[in-house]
Amino acid sequence: DLGYEQIYDIRDFTGTREDGFDLYDVEAGIAFSEIKPGQRADVSKIAGERTTVYFAKYMAALGWDVTWLENQKFWLMEDTAKAFRDEYYRYRASVAYAVIEAIASTYNVTWKGTEGDPCVSRDVETINYACEAVLDRCDDLGMGVTANTPLVLLAPVLLKGRIQSALAYNQVHDSTQRHFLAFNVIPVYTMLLSTENVYYICLPGRKAKGGYRQDLTLAGFDDKLADLSGVVGKGQYAFAIGDIRQFARCAIS
């Protein structure tokens, strides 16, 4: 799941000695905070003219029973190694999405339209309203937005059919209004959002930043007492949103 890379401006810091990256003119921002051993990662608020977002280190270990090696169960080792790698990148994606989900309710958008209107028509109105609101809020912030600036619609996969219907909708409503999607919207779907009854309109890049300091790096180990042989994996990265005006959280009912 790399959909979040369409939302964040992600910089590659691998091969550098940087311990983080700076955000300037932060307005009601949030970031994923660094964790200490044994603690759960958390999302924290940030603010100020300049804020440094520090890279967090994430580690895990994978151990194989030595008998797998002795019996040449290489296919089992390969399967578990792939699952280990997949879980690392899945967790990195969940971190990126958690920052977006932690956005305050300041710019929540209610379900638009009139009761009794077709559901898809109300969804179209909601998407159009949210897109207009995001572009209008960011118009004078030096973010280089125009009426044609592409926006990302981030949604849980449970809403994929509903969102696809809204994006394709083009119908005359009440014989007077034609309802259709009026903005350049790119859909991104994920299974990693914790809430499945909302979706997000996102102005990508700008002050939504990410950084990869260290990609998944593996080092072997042997534990004679446990009769294990395996690898330790670690990586460093960070995600932050410097201005939540780039986002809108949309209701579906």
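The values are calculated or read from the model by the stated rules, or taken from the named source; none is laboratory data. Predicted model only: the values in this text are computed from it and were never measured. Using ideal geometry, Cβ is built from the backbone for each residue, glycine included, and neighbour counts are taken over all protein chains shown. What goes into the accessible areas is simple: the full protein's heavy atoms, side chains included, and nothing from ligands, DNA or RNA. Shrake-Rupley method; radii C 1.70, N 1.55, O 1.52, S 1.80 Å.
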Please indicate, with yes or no, whether at least one residue in the stretch 45-62 is open to solvent by 50 Å² or more (accessible area, probe 1.4 Å), at pLDDT below 65 and touching a Leu at 6+ places or on another chain (Cβ under 9 Å). no
Return the residues of the stretch 100-122 that are modelled with pLDDT of 95 or more and either within 30 Å of residue 59 (Cα to Cα) or open to solvent by less than 20 Å² (accessible area, probe 1.4 Å) (or both); say none if nothing qualifies. 100, 101, 109
Determine whether the stretch 67-82 contains at least one residue that is touching a strand residue (DSSP E or B) at 6+ places or on another chain (Cβ under 9 Å) and either modelled with pLDDT of 90 or more or within 27 Å of residue 189 (Cα to Cα) (or both). yes
Among the residues of the stretch 1-32, how many are modelled with pLDDT under 95 and either open to solvent by less than 40 Å² (accessible area, probe 1.4 Å) or more than 23 Å from residue 143 (Cα to Cα) (or both)? 16
Tally time: how many residues in the stretch 77-120 are over 27 Å from residue 211 (Cα atoms) and assigned to a helix (DSSP H, G or I)? 6
From the residues in the stretch 183-193 that are of a type outside the set (A, V, I, L, M, F, W, C) and modelled with pLDDT of 95 or more, which one is nearest to residue 239 (Cα to Cα)? 190
Selection status of residue 163, at pLDDT 95 or above, open to solvent by 10 Å² or more (accessible area, probe 1.4 Å) and of a type in the set (A, V, I, L, M): no
Just need a number here: residues in the stretch 126-150 that are buried (at least 21 other Cβ atoms within 10 Å of the Cβ) and either closer than 21 Å to residue 192 by Cβ or not hydroxyl-bearing (Ser, Thr, Tyr) (or both). 4
Show the residue pairs meeting these rules: Cβ distance below 9 Å; 6+ apart or different chains; first residue within the stretch 197-221 and without any contact (Cβ under 8 Å) to a residue 60 or more places away in the chain; second residue among the hydroxyl-bearing types (Ser, Thr, Tyr) and open to solvent by less than 50 Å² (accessible area, probe 1.4 Å). 220/229
Would you mind telling me which numbered condition in (1) assigned to a strand (DSSP E or B); (2) more than 14 Å from the chain's Cα centre (by Cα); (3) of a type outside the set (Lys, Arg); (4) at pLDDT 95 or above residue 134 fails? (1)
